[in-house]
Each structure stands twice: as structure tokens, then as C-alpha cells.
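Working notes, structure below.
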Amino acid sequence: MNLTRRDFIELAIVTGAYLATNPVSALAKMSLSDLLAFRETGNVTLLFTTDLHAHLRPHYFSEPINLVVPKNLRGLPGTVTGEEFLRMYKIAPGTLEAYFMSCVDFPKLARKFGKMGGAPHITWLVKKIISERGRDKVLLLDGGDTWVTTAVGTFTDGKAVVDWMKLTGYDVMVGHWEFTLGKEKVLKRIKELQSAGCEFISQNIREVDEFGFEGDLVFKPYAIKEVGGARLGIIGNSFPFTPIANPKQFVEGWSFGIREDTLQEYVNELKEKHKVDAVILLSHDGLLLDIALAKKVSGIDIIISGHTHDVVPKAYKVPGTNTIVVIAGSHGKFLGRLDLDVKNGRIRDLSYKLYPIASNLIPADPEAQKLVDSYWSELDKKLGLSKELCTTEVMLYKRDTFFSTWDWLVGEAINDYYGGELDVVTSPGYRWGTVVLPGEKVTVDHVYAYTAITYPNVYVLRRTGKQLKTVWEDVADNVFNPDPFYQQGGDMSRLWNVEYEIEVNGPPYNRLRNITIGGKPLKPDKEYLVAVYGGPPPPPDTLEPGYKPVPVYEILINYLKKKESVKPRTEPNVKVLDAPYKPYDACYGGGS
Amino acid sequence: MKRREFIKLTALTALGVFLGSGALRSASAKITLEEALKKHLGVGLSQIKESDKVKIKAPSIAESGANVPIQVSADVPVEQVESLHIFVDKNPNPFIASVDFSPMNGEVFFATRIKMGATSPVRAILKLKDGTYLMASKEVKVTVGGCG
């Protein structure tokens, strides 16, 4: 069901803030001006988005039910979900904020509040704020993972999104998945952005020769901007582990890393040499790493984080530092705003908000809408994006620490494609995707929103039980290492046809217990037939003969086409031994 | 640092460099860290003091285990230093390199690329002329990666 704007406004809707402070106003109607309410302050407005994942059109995207982390990190922003999250930030259940910021009752609230995000709606809001504040007081920043991972993003080589960024007037960005377009295409798009006045910055990417010797920076490490009479230094960190998390071949000859030492040098340089009034780190490091980084590198005033998709509705001051960390969610759901009163090298006041991009309430900018429509209709014609494949009986989602209905469905589809002979299907633990509500039609566009990558092939290999466990332990350490400097992973790999128990605080490389494959205990010496995709491509000589590599989206489209409806399991295949782990019904049970 | 500067510095810094299998040849028989320390330094780990005067710079997660950049420096006058020794605990042969220093070097600085078979601490051990040892270590993760 899609509500029109009028339907939406006519619904009696309460904002969380209202209910928390004044239950009598519970019957108040949410209006655009409620949504836009903001305490303006100072001379600088930073507007920021991150992890759009090329969702130019409104869609559904639920925050995860679980964000399981090692115990030393529990309770930090970015580790709290569901009802606990609503309590932590005093947001009333059932409100627009609750819908955008938590998983609680997602399918039910989705029917009430409608779709989220949409680039033309972001543009409208950006223009609105600029018209109120004045262009000279506003800086528009993007944290990366912006150009690709939907059909319209990936199959235009990022051009659709870059054109939208140009139109909207972005000033500075950093990157991650952008690099999976390959160096040549990325550099071309960056040039296009630069021609429109948007800079791509990264202090943590350097050229490296075939012997491993490092050379020059690939991009400018920082940008200096005069905003509202203040001088701001913005340092960039692109995703530090790009050549590890994604195939290396895309960035051959470039070396990444966190590079906290040079970061400190650039902070000092901006303050001492360039006399900036404030230092901002625009980062795709991930929230927990940025919080840890703030304790190691001194002098950063603001970190605008990205990568981990966290919704942090209150600015977080890192204990023991003077650094404030903010992050604006993902998938086009939020526009972040931070107003600063900056003078003589000091931030005297700040005001912060994540605007939920409620597409039924925030108008679309006509020019941006035209641009998005034109790219959409062209690709729809070519790829049949709006074609309905089948109905889903449960909510399809991907984001969770261990398990998702989407990934289980992918496992079934891939196993079906290879004749039902597979023992294991491993899906990557990306944080991105979309949501298909229970009872909704699954379209070709949905499939691409989960799988449109530049290295989509599924490979079939034979691996011993021992080899499999080694890889899974390795991934688990990338996700659950207690030190964020050593957390490379996204969420845990999704293991179809596998059940296991995990002690997330267990000994490194020995966290998994009682692994079964197809219901039988994993045997270290037995060889298993395994399908993998979404990681670095395996060496050709390790592939099992007779199993042709095929793009995962092709397998899925053909599989779903054959079905009238799908109903993948909702019960997790993982038991967490030493941390709470909530099932599907905790958030997604109602509303079908 | 530019490549040229790096080569200059290395050439200036290291008077004599001896490289172990982690830096050059393929591994021979597997030995433990303790055995390697005894063989190359004549002392065990318990006789070596950890010190924040020694600094070791390395990535927390290696982009490739075959080629991990490390850089060692120390806030110790070079006149007091005899040599620097680098070890990787979990390598089949933990010994990586030994570097002799002389006052001509000006300061304690050494940078190289090392090979690592698995996630492990990387240790930089300074032997001082008074016969004592100072050590810094940093854990470097070697991972198959995947997942964005």
C-alpha cells in the first residue's frame, strides 16, 4: 500500500518527542513542519548523508533486530536495537521516528507510514535548508557507499547517482563500494564531481608499487572550506579495508588502511599551518572504529561517520575526549544536520538532528525527480526492473548479525540452480539491501537491490570441514574482535544449510561450536560442495569442474520467476551462547 | 613517505642487515618464538622488557600477508643501541631480520616489508650496548577477508 501525501497527513501520527514530553498531544497530527522542526544555531550548517547504496527511489529498509558485539562494546551507539534503542533515545513506539530508527513492528508501521528515502526528497530538503540558512553557511557532505549496489547505481557505473549528487550540490565525499567500479571508472566519476565543485578526499589511500613501496597520496587528504565566516578543515578517510573486504583487483596499486599516524599529522597541520577553526573527519571507517579512533587521535572536533549504517539520533561525545561523533544511518533514510557556532577555533554551541526522509511527507525536488525517473525508465525498459516475480509470505530483509530471510532464500535458490547437490551456500555479510514486506511482490529491482555488485558470480568449490571452519572463524574474528581496529567484517557470513552455536566473546579463532551441515556434525576431513559469492574470487584452479560460475542475480530472478510465492525460514540457524539474540518475531511478526 | 626517501633512509640507517626466512627465503622446519629468540639473541622472552620507547608501526589488518609494511623507531640515543631484531610469533620461523646500528645512523629507524603466514604479534626488539633488551609489539591480523 502506498499512501498519498494527503492520506499520510490525515493519519493521526505522533512524533516520539511529543509523546515523551506530553502525552496529551498524542493525538496531534504529524505535519511537514513538525518533521522539519530544528533549533537553528551558530554560523555553520553541516548537512550529511552516507551509505545511500544508490537507492535513488523510496523503498523500505528496517534497522536490524540484532547488532551483536563483544561485551566490552555493548551499550555504545550502534550496538543497541529494537525496544532498547527506543528506550535509550526516549522515542515512543509506533511513531514515525520509531519506524525509521528501529525494527519494532516494522511491517505494520511500513503500511502506515509508507516508503523511506528517495534522492529527490533529500534534494528538496537540502534546498529548503540552504534557502533558509544561505548557501555560504552550508556544507553538504557524503560518507560514501553511495554510487552502486542497486540496478540503477551499478548498471550506470554510478553515473545516475553522481548526476544526482551534482544536481544536489554536494561539496565533499569519501568512498568504499565506489571503488568496486575499478580505478578507471571511479576516477572518471570523481572528475565529473569535481567539475561540479565536489571534492573527493582521502588521507588513507596511497599509491604502492609492485614491491610494496608506498608513494604519493592518490587523493587530496583534506579540504579547507570557508563556511559562515569560519574556516573548516575536513579530512577524509575512505573505507580502510577496501582491498581486503572487496576484490583487490579493483584497487591494484593503491594501499588503504586506517593510518591513524598520518591522520594525526593532518589534524595538526590543519590547526597549526592552516589555522582552521574546527577539524572534521568525514569517515567511512564504521562507528565503533571511529569512536576508538577519537581516543587515539587528538584534536578532531567532529567525526561524521559512515559504513556501519547506524542510526544515532543524539550526538555522541566520546568519553575522555573533545570529539563528537555523528552518523546518519543508511539507504537514503536520513539527512543529518549539525549546526555549529564556531568562532576563533572554538565550537561554542551545536544543534543536531537526523531528518527522517519520509517520502510521503517531504516533497520531491522536481528537477531531481526528472533525473531519477529518466534513469529509471531507461533501465526498466532494458532490464525489466518493475517486473513482479512472485509474492513473499514473510518479510524479506538482509540486515542482521547472523541470519536473514533473504540470505536463506538465496541459499535455496542457488542450491536449486545447481541441482540440489550443494552442502553449503555462503552469502556475504553485507549490511545493505532493501526490505520486501510480507504479502508484497518481489520485483527484479528488489533482487538487484540485494545483489547488484560488479563481481556477482557464484562459484562452486570443494572444501574440507576443517577448511570451512577455519574460514568461518576468520570471519567471526573480523566481526567480533573486541578491538574495533581489528574488526574488518560486515555482519557474519550467512551459511545456508549450516547450523552452529557461537560464543562471541570466546577465544579468537575458536568461537564456533557444534557445527552441523545438513543436520549432521561437521567432519573435519570430509569434503563438502560449497557455493560462494560476493567475496574475493577464488583461484580458477580451485573451482569444481562442471559447475559454471553464474551471476547470483540471474539465478535469483529465474528461481523466483518459477514460484508463485516464497516463504523462507524465519528461525535463525545460529544460537548465540553468550549474548542476547532476538528472533524474527521480536520485530517482524505482525503486519502480514 | 616517498619511496626515494625510504630507500635513502634504509640505506643510511642499517649498517648491516641480516634477513630471515620471513623476509626472504621460504620457511624451513617450524620453530617456536622462544627457540628463535634463544638462537638469535641468546635470551628468552621473559628476559626482554616491553618498553614504550620502542615504536612499531604496522597495519592492524594486513592487505596481504605476503607483504606487510612495518616501521620501527625508538626514543633511545643511537649510541646506546647495538642492534634491532624483528620476530613474528606465528611464522614457521619467527625470525625476520637483524639490523646493526652505529652512531653514524643518527637515529634508530628501520622500515621493511615482511611475510606473515597468520595473525600474529610482530615484535621489534632492541639490544642495547649495556646488554639489556627493549621490546615493542603489535598484533597484525592476516585474514581471508570478504564481506563489505
Cys residues of chain A with no disulfide-compatible partner (no other Cys Cβ under 4.7 Å) are A:198, A:390
Each label sits 7 Å from Cα toward the beta-carbon; between residue A:577 and residue B:50 the label points are separated, in nm, by 2.7 nm
Label model pair residue A:561, residue A:382: point-to-point distance (7 angstrom along the Cα→beta-carbon line) in nm is 1.9 nm
Interchain or sequence-distant (5+) residues whose placed amide H lies within less than 5 Å of the amide H of residue B:82 are B:127, B:128, B:129
Phi-derived 3J(HN,Hα) across the stretch A:499-512 with the Karplus relation (6.51, -1.76, 1.60, θ = phi - 60°), rounded Hz, x for Gly and Pro, is 10, 7, 10, 9, 10, 5, 9, x, x, x, 6, 8, 9, 8
Diffing the stretch A:552-558: the Karplus 3J(HN,Hα) column from phi (6.51, -1.76, 1.60, θ = phi - 60°), in whole Hz with x for Gly and Pro, holds 4, 5, 5, 4, 5, 4, 5
Counting only backbone N atoms under 12 Å from a point 7 Å out along Cα-to-Cβ of residue A:544, the residues of the stretch A:499-531 in range are A:527-531
When A:331, B:40, A:176 are ranked with the fewest other C-beta atoms within 10 Å first, the list becomes B:40, A:176, A:331
Counting only residues 5 or more apart in sequence or on a different chain, those whose built amide H sits under 5 Å from that of residue A:391 are A:442, A:565, A:566
Restricting to Cα pairs under 8 Å and 6 or more apart, the percent relative contact order of the stretch A:379-588 works out to 32 percent
Looking only at aspartates and glutamates whose Cα falls under 13 Å of residue A:523's and that sit 8 or more positions away or on another chain, we get A:423
Computed from the beta carbon distance with a Förster radius of 30 Å, FRET efficiency for residue A:390 and residue A:516 to the nearest 0.05 stands at 0.50
Residue B:128 and residue A:34 label points (each 7 Å along its Cα→Cβ direction) are spaced in nm at 6.9 nm
Too long for a 18 Å Cα-Cα cut-off, among A:273/B:57; A:159/A:382; B:90/B:115; A:137/A:317, are A:273/B:57; A:137/A:317
Among GluC sites (Glu not before Pro) in the stretch A:241-284, those in a DSSP loop whose Cβ has at most 12 other Cβ atoms within 10 Å are A:252
Phi angles of the stretch A:64-74, converted by Karplus (6.51 cos²θ - 1.76 cosθ + 1.60, θ = phi - 60°) into ³J(HN,Hα) in whole Hz with x for Gly and Pro, give x, 6, 10, 10, 6, 9, x, 5, 5, 9, 4
By Cβ neighbour count within 10 Å, fewest first, A:177, A:147, A:472 rank A:472, A:177, A:147
Mean separation of Cα contacts under 8 Å (at least 6 apart) over the residue count of the stretch A:327-447, i.e. the relative contact order in percent, is 24 percent
Taking Cα pairs closer than 8 Å and at least 6 residues apart, the relative contact order of chain A in percent is 18 percent
Note to self, the protein assembly as shown gives a 222 nm [θ] from helices alone (DSSP H runs n ≥ 4, -39500 (n - 2.57) apiece, / all residues, nearest 500) of -7500 deg cm²/dmol
Taking r as the C-beta separation of residue A:231 and residue B:75 and R0 as 35 Å, the FRET efficiency to the nearest 0.05 is 0.55
If each part is reduced to its alpha-carbon centroid, the stretch A:48-88 and the stretch A:301-350 end up apart, in Å, by 16 Å
Filtering trypsin sites (Lys or Arg not before Pro) in the stretch A:255-323 by DSSP loop and by at most 16 other Cβ atoms within 10 Å leaves A:273, A:275, A:314
Ranked from fewest to most other Cβ atoms within 10 Å of their own Cβ, A:330, A:565 fall in the order A:565, A:330
Taking the alpha-carbon centre of each part, the distance from the stretch A:401-474 to the stretch B:104-148 in Å is 39 Å
Spelling it out for residue B:89: with amide H atoms placed in the peptide plane at 1.01 Å from N, the residues 5 or more places away or on another chain with amide H under 5 Å from its amide H are B:123
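Laboratory data are not the source of any read-out in this text; all were calculated from the coordinates shown. As the structure is a prediction and not an experimental result, all values here were calculated from the model. Glycine also receives a Cβ, built like all others from the backbone with ideal geometry; neighbour counts cover every protein chain displayed.
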